[in-house]
Each structure stands twice: as structure tokens, then as C-alpha cells.
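First comes the structure, then the notes that go with it.
The values are calculated or read from the model by the stated rules, or taken from the named source; none is laboratory data. The structure presented is a predicted model; accordingly, all values stated were derived computationally and were not measured. Quick reminder, even Gly has a Cβ in these numbers, built from the backbone with ideal geometry, and neighbours come from all protein chains shown. For accessibility, only protein heavy atoms count, side chains too; no ligands or nucleic acids. Shrake-Rupley method; radii C 1.70, N 1.55, O 1.52, S 1.80 Å.
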Amino acid sequence: MPDDADGVDGVDDVDDVDGVADALAAKLAQLRRLVEAAEKRAGRPPVPQPPPPQQQAESWPIESAVHGTVLDTARGSCFLSDSVLPSSHRHGRWPLALALELRGDELDWLSFPTGAGCACLDRAVFVDVETTGLAGGTGTIPFLIGLGFFEGPAFVIHQYLMRGPHEEAAVLAEVSARASERETVVSFNGKAFDLPLLETRYTLARQRFPFPTGHVDLLFGARRVWRPRLESCRLANLEYRVLGVSRHDDIPGSLVPQVYQDYLRTGDGRYLAPVFEHNLLDVLSLVTLAGRLGQLRRRPLSALEDDPADLVALGRSLERAARAAGCADRPEAQNESMQCYREALAAGLAADDAARALLALSLLHKRRGERDEALRCWEQLARGPGRAGPACARPALIELAKHHEHVTRDYALALGYSEAAARLPGGPAEKDALSHRIRRLSSRLRGPAA
Amino acid sequence: MSALAQVLDELRTKSADRITAWQTLEARPARFLPFPEWLPDRLRDALASRGIAELYSHQRLTADLVAAGRHVAVVTPTASGKTLCYNLPVLAGMLARPESRALYLFPTKALSQDQLAELHGLVGAAGADIKTHTYDGDTPASARRAIRNAGHIVVTNPDMLHTGILPHHTKWVRLFENLRYVVIDEMHQYRGVFGSHVANVLRRLKRVAAFYGSRPQFILSSATIANPGELAGSLTGEEVDVVAENGAPSGTKHFLLYNPPVVNAGLGIRRSYLLEARALAAAFLARNIPTIVFARSRLATEVLLSYMREVRPAEPGKRSRISGYRGGYLPHERREIERGLRTGEILGVVATNALELGVDIGQLDACVIAGYPGSIASSWQQAGRAGRRSGESIAVLVADSSPLNQFMVNHPEYFFGRSPEHALVNPQNPLIAVNHLKCAAFELPFAEGEGFGAAAAETAAHLDYLAEQRILHKSGNRWYWMADAFPAEAVSLRSAATDNFVIVDTSEPKARVIGELDRFAVPTLLHEDAIYLHGATQYHVDRLDWEEQKAHVKRVDVDYYTDAELAVKLTVLDELAAEPSVAGSCATAGLGEVEVRSMATIFKKIKFHTHENIGWGQIHLPEQEMHTSAWWLTFPQDQGGLRESDLQGGLVGFASIIHHVAALHLLSDVRDLHTAVQVKSPHTGRPTVFVYDSYPGGIGLAEKAFEIRRDILKAGLAMVSGCPCGAGCPSCVGPQAEVGAGGKAATVRLLKEALRAG
């Protein structure tokens, strides 16, 4: 034993301890006052004192509130809730198995700009985490990690819970065992949030990051198709407006950190039951969202079931993908987009969607050298600038001006179109080009005659 | 005769009566030592190719200590080749162990860019594959990943380390696993509140490094201060060796102390020091002598700048060759000015102490310091901007009429007595420490038994407190961060307030942000109808949106500036120490925690040049509240028949003199302390004078003042008794108009009374 253990004059020691404790208490009291004054200055309400611990907390451990088991691992224990659903399970309008139909092109388009890492989602892991906050950095903990994957005829969901932050090492190791066998990750906004966060956690725990590099972040595909029509591309909104999933008594994501704190404080597992449910539905939505997006890519016309406007967005997205792949001039690629625009127009669109479709169509015609068809579109757009909106009318007018300057050489007509275009609002570069064109046309009109 | 010699000659003949001291520091030859034997040939050759054949003695000593594994602080004046002191051993260490990493911390961004250029040069000449990168707020997102993984030397500032690196340390694994050196340049900048923050940031740095298994060596550089070893120790929490001998050469330097002439002997009023500084600077600029003028406040900087531009207007079609430089300028403006100074496009610059730092602005020959900058170390640092290694240079310190300034110019033996100040930090300031404890817990959970700059028991008590506040959660013998927040963002290292106000210029249809200001300065500088000066442009504050923290301003051209007054209410919250009076009838001293409520009341409009008061207005802004530490002196009610008005004047005079003397003895800026006078204090029931720290929670000044109060009182008594004025002047107890006819005598009496108490 060290020599200070033979405390014969223990009385002095006790006095000292009291003195230290008093000094500490005084410091703490001072700290409290300072913090309160600072909070008051910043206009923040004081933190409410926590309520006294609940009496029956002991009787509601997590396994009594959520189905699942406590795992004892080499790195400590944690809680796992397993759910198994048949692949034919319908989550909203579509069955989970729809996601298994995704192949090659569809996956490339969905995972653009990175690769999917696999040929079929049967070897993917669907990931969604619930965290103690959105701040990022090293202080945010993914206390509930939901993984989903297809296994034979079933879809399996593993939800790993840290019953306290000290169980993180165990959860991460368990997740590792599951995730490292998979070939690709499917997430919603996981590129910006879930995966970097998990990477941070693995680094902190000094464990190897197990997730594959192939990653399909559905947020990107969803934005391409639904952004023009829906005001928000949040998962909850997509579920409701696209997937046809309606949640009952769902806990809002913003309350999740608070609920976890309440659970930690009280040990009452009932707090977390809605979070498990919320996370499970999120994982399922990843699956049908992937399925639906793949289906739209495979059979764009199926968008007509929802809204013809989606078809326009889809057509534009297909064009962009073709450009990125360097095959924008391949007729098959062009036909697909043209069909989207034509069918959408035929099905009836709101004025500005129609103008967008018409303009996109016209530019494809131009690209293919189908000048008459392009002209018809432009003239139609030029006739109704009020309805089409300047964003579409202006490029059409400019195209008409170009056409008449260089092809028909009707300078007066070209000048008229140019001036009409110049009257509509536009960017400074465009404005410069237009004034240049107007000057040139004016001098051509005067020039040869003079 | 050189242009500078001509001005010196003129000063000698025409201004002799205003120059209270003329110190000529003779040119000093260099003291060299050979390269150390451990220096790799590649570095030896690289140095030779850059014309360096041997080292200054301090460079060699520092490098040797670092090579021997010690933490080292090197004390060197401006331009003495200090960067080699740390670059040499760091580069040698990296050549030997290429996986090693180093972190360079500079107090400002601009500085780090210059250092980078120099470092690149040396690395290039050595042909070494050592990647050096700056990582700060300006680093493009696309470059960040590469720097995090591949940068051998990462150059940054404490703020970026605090918010950008430590809270994201998992992205910096390579750096932290191999962190071998931490270089801290301009260490003397890290004092007071800023230093107390930085000491905590460094604790966090060491904690994160330890997590990844590294224990870096610290190399610090400092301007001359009294306690480099102590400061380095407080900042790093390590035992640090000090190298204080300077082996670099210097040219002849004239240092003048200059006292503006008395214009009203009765009232003890001197000619404005700003006008005198203008005249001096004008004499230099008229002869094309590159000149820097230092002013103590933003306001003084701007006033001087407009004066200087009148003296030397821009040539038609060209930009002015006179420029301002201070904290409120946006980064790109600052960079532009630094470049202009280096190329010579800018001839004169008016700066606040933002330029005190080692920013490389090339050779300046003259320096005018308008007003004692608050510390001897700062004075030398500012004077160091003029004159480098050879040639003659001049620095003139122009005193204002405050007691401290007058003391300095009238006691040159004190000023030149090489008695530099102590730089004080108090990393244990409860507010500062607990904020960084939060940041540290965010970065890594705390284990039981772990101390953070304090004993484990105290740290544990604070952690429990944070858990009670639901910011942390204790689970499995560790405290974990559990709030949905990013704590580093709520803590600013540079100012007391965490939230700044934005200044929006609405002169043009498209409003733009021209600067920002910390919360505590807003009521006196950005109240409605204030004239706010920025870049020598005047702005009228049209509207101050307190809730939104925005000031809407418009450009104006007026011939006045505004000056606001602050009313202060002080309440004692807790008395921590008291010195009981001997017989109950004499003065007593106390120390404790106080609450200070301050409110801006009115502002005055002051005309340029004449400085006459041409109007005033009221300020309607909420009261601001602060808890801090104070030292106070309480006097017996009965002052032996002293009239009420004289007692009042005496207390004001007493407060004024001990405020200045305390700042002098505590080696702190006058603005770091405030005083309050209560004729019948609610706490003591008697006449009381309070001296308190101007930062929430205090930074240790009041405690120190309480400790050395006898020295302060004695010096105060000597200053008042020794002042030749009749009944008070701005240079001792304050002008007679403020303290009354009997104020000076009453002050002397109170000082004696206070000294009697022991």
C-alpha cells in the first residue's frame, strides 16, 4: 500500500476533505450563478430541472417495451430488435420486392455520380440511424442503427440500440458483422449524414469501418424526379405523396434526441418504442422508394399514374444522365426523353410545366436536326410568353431569332424576335449576347441596302 | 543628410521641450554559432543556398533544446529570425521520421500566410517532401480532405483549431496519431481572456492527441515579457525551457518619449495627443519616410486616418497611399493593405494593435505610437515595426493626459528600465473552463478520475453539474455529450460575448455587410444616431435592431464624431475575502463576486479638430449584466469633517488613480479593469470604491490587485503627491471639473487612510 494509507491522524484528513468540499461547493455555486447570468444575457430560458426519477422505471427495461433481445458480446452488451417481413409485404402502394427488380442502368442512374457497387439490391444493406442530434462532429451519437436486407424470400430488419452511450462499441461491432458482408449501401441523405457519422464513430471506437464504398443515396434520385412537383423532398413527404404510406402516431424526428435523453434518465423503455417503429418504417420506405425510382427509370410512362409533371422531370433527368454518360446523341436515349415530354403534354400539364416540356422537346428536335418540329415548338412558346413564363419564352424567342437570322435570313423578323426576347428578364451574359445580336441585325438591315 | 536624419535634427532643435526622454539604442552586432551537428546535410545545404552559413545564438540554443526533446519558449524581438528557431528542428525531425506531423498555431490568418511562404522556401531548397498547408476559414472545401490526410505541417489559428479541427478530430487521424510538434508563435498574444481560452484549447488538443497515442512537443515564441516560462507553462500545461538571449543584430534606433505641451496650466490640460501624433507623422510622411502610426482604439485609428489623409491626399486618379488597419476590417481588405505595405504602394498606415503581430510588412523607418498602448511589452512590439536589422530608425511614444501615460513619459527610467510586464492568464476562469469542458466532452467522453486542467474531483463536480443540466449523460463510468448542439460554435475565443452584431451598410440599394462588433461594445458605438467610423468613412447608424443583432448604417460626411457614456450599477453577490479593520474606524479591503449592470445613457457629438461638444442625444438600449470579480476599499463614514462634495470628489479621484496604477502593476490593459464609486454602498453601508475585471467571471486581475494592494496604494499616493498641478488634473486624479476643488486633497487623504489599514 502507498504510505499515505496509514492514516493515523485521520481527524486532520477529515477536516481537509471538508475544506476541499466546501471550496468545491463554493466554486460550483459561483459557476451556477455565472452560467445563469450568461444565459439570461443571451436571452435563453434557464434549463428546467429534471423531474424526479419515475417510480416504476425499474420495471420497464427496453426488452419489456420493444420485442428483441439483449446481446452479450465480447465488447459488452447491447439490445437488438429483429423483424422479418415477407418480400411481398406492401409498404404503401408497392411491395418491398419491387426493389429487387432494379438492375444495371437503373442502379447507375440512382447512384449517380458514384457507382452502386453491385448489380442487384439483393446484396445491399439499407441503413437509417437515429441520433442524439444533428450537430455532427464527434459529439453526436447514433444510438439506434437500423439495418435492412433481403434474405431469401424475406426482408430482415436489425435495429441495434445503445442502452447507454457506453454500449456503442458493442453495437458498432455487431453492425460490422452484418454490414461488411454487403456490397452496397442504400440510404436517404446518407452521403451527407448517416455514413460520415458512422465513419466518425468507428474511428472513435478504433474499429474498422465496415460499410462498402458503393452507395445509393436515394435523396439524389428523389430530387431529380419529384423536386419540381413537391415543395419538399423529405422522406416523410415522399412517403405520404408518392409511396402512399401514412403513419399513425409517428414521432417527429426532431423529438427523437429528447426522447432518448428521457429514456437514459429514467431507464423506461416505453419511451423508445415509437422510435423503433419510426426507424423501422424509415428503413422500409428506403426499400419501396428505391423500387419505385427503379420502376420509373425502367418504365417512365408509369409516372402518369401519379402526375404527368413527374414525367417531364424524369425526361430531363434522363437527358442529363445521358449527357453525363457521353451518349446524349444516341437516338435511343433521345427517344426515351422525347416520349416522356410528348406523353406528359398529351396527358395535360399546368402552363409552366407544359412550357418546360415544350422547350426541352424543341431542343431535342434541334439536336436531331428536326428543324420544322423544333420551329413549331418555339412558335408555340413565343405565342404565349405570358403563360409560358419568361424562363421558357425567352430561349424560344432567341432560338427563333437565330433561325431567322441564319437560315431564312429574314433579318427583320429575327430582329423582332430578338427585341421581344430582350424585353423579358434574363441574366447579364444573355443580355449582352442579345444586345450584340440586336446591333448586328440592325446593321444588317441597314447595311447591304446602304 | 538622410530624410530621417533631417527630421531627427528638427525634433532635436524645435521640440526639445516636449521630448522627455531620447533613448538611442546603439546598433548591435550579431552573435553567431555554427550549425548543430545533428542538422541533416540537406537542411545545411538549403540554408547555405539561402545565404545562411551560421545561426544566431538563440536559434541554435532553441533548436538544440527541441532536438533534445524539451518543450521550449524562445523570447525574441521582431525580425530576429525566430521562425528558424522552430522550423529548423521541426524540419530536421521530419526528415528523420517522415510520418511525423506538426501543427503551427498563429494568432491571425494573415500571419500564417507569410509564414507559409517562408517555410515553403526552406522545404523547397532542401528538396524535401514535406507538405505544408494552411487550414483556416478561407481554405476551400475541396482542398480540406487532402490537407487532413496528407499535410505534414498544418498551419492554422486557435479559433480554427477550436471549432474546425478538434470537434472533428476523427477526420484528422493521421495528424493526431503522428503529432510530434506544436509550434505556437507570438505566444505573448495569448494573455487575458484570449490566453485563458487558448490554454483550454491546448488542453483539449493534448487530450485528443493522447487518445491517438501521441504527446507533442511544444515550441513557443514570444516578444519580451517578464514571465515567458510561466506563461508557456500555463498555456501548455507543461514544463517549458526558456531561451531569452537574442543573437540577432539591430540598427541604431531612437526611442523618444513625447509629452504634448500644456495649453491650460491651471486646468492641467495638454494639447490633444492625436493632434501631436498627426503632426509628427506628417513630418515623416512629407519626406517620404515609410511610417506606421499606432492608435489604441478603433475610434482613434479612424480619426487619425482621416487626419493623415488630409495631410497627404491621394494623387489624382490614384488610391491614397495612407491606409487604415484594424480589427473590424474584412479579411480581404486586410490582405490588400498588407500587400500594399510590402510593395511600397502604401507609404503610411494607421493601425490598432492588430498589426502589432509579426505580419511581414517590410521595412518601415518611423513609428508613432499615439498613446501608451497599455503595456511596456506592447510599446516595444509596436516600436519594433520601425527598423529592422540595419540602418537608423525612430519610434516616438506620444503620451495622452491620463495618469498612466503621464507616469510613463515622466518616468523614463521606469519605461526604459527593461521592466516588461507579466502576461497573465486564468484558464480556470469558471465560465471559460466550463465552456471548454463542454467542448472537450463533445470531443471525447470523460472517464472517471480524469482531470481537465484541475483536480479530478473538481472536474468530476463540473461534469456532474453539466449532467444535471442535461448536457452530458453519465453511463458506465463515463460522461458523454448528450445535447443536440455543437458547443465550440457557442464559444468565441476572442471576446467575452459569444454573439456579435453585424453592421449593414444600406447606402446603396444592395445592402452589404461592412463589419461586426461584439455585443458589449454595441451600446456605446452603434446606438442610433451614432457616427460609426469604418475605413475612414463615416456611417450614421439609422437603426439598431437589438433582437436581430443588426445595425443599419448609411454613409455620411459630417465634421463630428460621437462619444457615449455608460452608467454602471454594481451589487456585491458574495464576499470571498475581507480584511477586517484594525479598530473599526479605518478603511477595509474586500474581495468578492459582483454583479455589474451597465446601460448606455447619452452620447455627445464632438467636433473634429477642436474637439468641442456640439450636441447630444439619449440612448435607449437594454441594460447589460455581467458577473465578475471585484476588489474594493471601504472607508469609514466619518472622514474627519470632510465635506460631502469633497468626499465625493475624493472617491472619484481615488478610483481613477488606483484604476491606472492597478493596470500598471497588474501588467494589463487599462480597459481590462473598471471602477465604480459608491458614496454609501448598499453592501458595506459606507463609502466604497470598487475595481473589477471587465470580463464575465473575471480573469484574475481583481484577486491579484487585492493581493498587492499595498504596492498599488503606495504608488498611487506617490503619483498624486508628486503631480505638480494644484487641485487635480487629467494626469493624476482627473480634471478639477470632475473631482471638485477639494478632490485632490481628499484623494490624498483617502490613499493615506487606506494605507493605514495595512
Once the whole set of protein chains is in place, how much accessible area is left on residue B:707, using a 1.4 Å probe, in Å² to the nearest 10? 130 Å²
Sequence neighbours fewer than 8 away in the same chain don't count; with that in mind, list the lysines whose C-alpha is under 16 Å from residue B:554. B:510
Lys and Arg at +1, Asp and Glu at -1: neighbours of residue B:242 with Cβ under 11 Å from its Cβ sum to -3
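Work through the residues other than residue A:394 whose Cβ is under 11 Å from its Cβ and net out their charges, Lys, Arg +1 and Asp, Glu -1.
On the way: positive: A:423, A:431; negative: A:399, A:430.
Once positives and negatives cancel, what remains is 0.
With contacts defined as alpha carbon pairs under 8 Å and 6 or more residues apart, what's the relative contact order of the stretch A:62-296 in percent?
Values: 423 pairs, mean separation 67.6, N = 235.
Value for the stretch A:62-296: 29 percent.
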With an 8 Å Cα cut-off and a minimum separation of 6 or more residues, compute the relative contact order for chain B in percent. 11 percent
Counting only protein heavy atoms and leaving out ligands, DNA and RNA, the solvent-accessible surface of residue A:176 at a 1.4 Å probe, in Å² to the nearest 10, equals 20 Å²
Between the Cα axis of helix A:194-204 and the main Cα principal axis of chain A, the angle (0 to 90°, nearest 10) is 40 degrees
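Using a 1.4 angstrom probe with every protein chain in place, what is the largest-first accessible-area order of B:64, B:41?
Working: B:64 45, B:41 105 Å².
From most accessible down to least: B:41, B:64.
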Using only Cα atoms, tell me the angle between helix A:371-383 and the longest principal axis of chain A; keep it within 0 to 90° and round to the nearest 10. 80 degrees
Quick one: which residues, 5+ away or cross-chain, put their amide H under 5 Å from the amide H of residue B:220? H built at 1.01 Å from N. B:72, B:73, B:74, B:184
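Pick out the long, greasy-scoring helices in chain B: whole DSSP H runs spanning 24 Å or more along their own axis by Cα, mean Kyte-Doolittle at least 0.0.
B:109-125, B:192-211, B:644-666
How shielded is B:593-600 by partner chains, expressed as the average number of their Cβ atoms within 10 Å of its Cβ atoms?
Numbers: counts 5, 0, 2, 0, 0, 0, 0, 0.
Per-residue shielding by partner chains comes out at 1.
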Charge-dipole axis of chain B as Lys and Arg at +1 and Asp and Glu at -1 on Cβ define it, positive-most pick from B:340, B:121, B:661: B:121
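Once you list every other residue whose beta carbon is under 14 Å from the beta carbon of residue B:677, what net charge do they have if Lys and Arg are +1 and Asp and Glu are -1?
Details: positive: B:569, B:680, B:686; negative: B:644, B:646, B:738.
Spelling it out: positives minus negatives among the neighbours equals 0.
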With no other cysteine's Cβ closer than 4.7 Å, which Cys residues of the protein assembly as shown count as lacking a disulfide-compatible partner? A:78, A:118, A:120, A:233, A:327, A:340, A:377, A:392, B:85, B:367, B:439, B:586
About its Cα centre, the stretch B:32-243 carries a charge dipole, from +1 on Lys and Arg Cβ atoms and -1 on Asp and Glu Cβ atoms, whose size in debye to the nearest 20 is 720 debye
Can you give me the Cα centroid spacing of the stretch B:213-256 and the stretch B:617-660 in angstrom? 39 Å
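According to the square roots a ≥ b ≥ c of the eigenvalues of the Cα gyration tensor, what is the shape class of the stretch B:430-490, taking rounded for a/c under 1.5, prolate for a/b larger than b/c otherwise, and oblate for the remainder? Walk me through the intermediate numbers first.
Working: a/c = 1.63, a/b = 1.15, b/c = 1.41.
It is oblate, given that a/c is not under 1.5 and a/b is not larger than b/c.
Considering only DSSP beta bridges whose two residues both sit in the stretch A:62-296, what percent are antiparallel, to the nearest 5? Write down the numbers at each step before the final one.
Numbers: 28 of 34 bridges.
Among the beta bridges of the stretch A:62-296, antiparallel pairing accounts for roughly 80 percent.
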Give me the dipole magnitude in Debye, nearest 20, for chain A about the Cα centre, with unit charges on the beta carbon: positive for Lys and Arg, negative for Asp and Glu. 4080 debye
On a 0 to 90 degree scale, rounded to 10, what angle separates helix A:411-423 from the longest Cα axis of chain A? 30 degrees
Got a sec? What order do B:20, B:76 fall in by accessible area at 1.4 Å, biggest, i.e. largest, first? B:20, B:76
Please get the size of the charge dipole for the stretch A:221-266, origin at its Cα centre, with Cβ charges of +1 on Lys and Arg and -1 on Asp and Glu, quoted in debye to the nearest 20. 380 debye
Hey, which of these cross-link pairs are over 18 Å Cα-Cα: B:714/B:752; B:438/B:550; B:550/B:607? B:438/B:550; B:550/B:607
Please work out how much accessible surface residue B:321 shows to a 1.4 Å probe, ignoring ligands, DNA and RNA, in Å² rounded to 10. 80 Å²
Determine the calculated [θ] at 222 nm for chain B from helices alone, applying -39500 (n - 2.57) to every DSSP H run no shorter than 4 residues and normalising by the residue count; nearest 500 deg cm²/dmol. -10500 deg cm²/dmol
When only Cα pairs under 8 Å and 6 or more residues apart are kept, what is the percent relative contact order across the stretch B:430-490? 36 percent
Interface A:B - total buried accessible surface [probe 1.4 Å, Å², rounded to 100]: 3800 Å²
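For chain A, what does -39500 (n - 2.57) per DSSP helix run (n ≥ 4), summed and divided by total residues, give at 222 nm, in deg cm²/dmol to the nearest 500?
Details: 17 runs with 235 residues, N = 450.
Result for chain A, helices only: -17000 deg cm²/dmol.
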Taking the Cα centre of the stretch B:32-243 as the origin and placing charges on Cβ (Lys, Arg +1; Asp, Glu -1), which of B:214, B:107, B:81 is farthest toward the positive end of the dipole? B:214
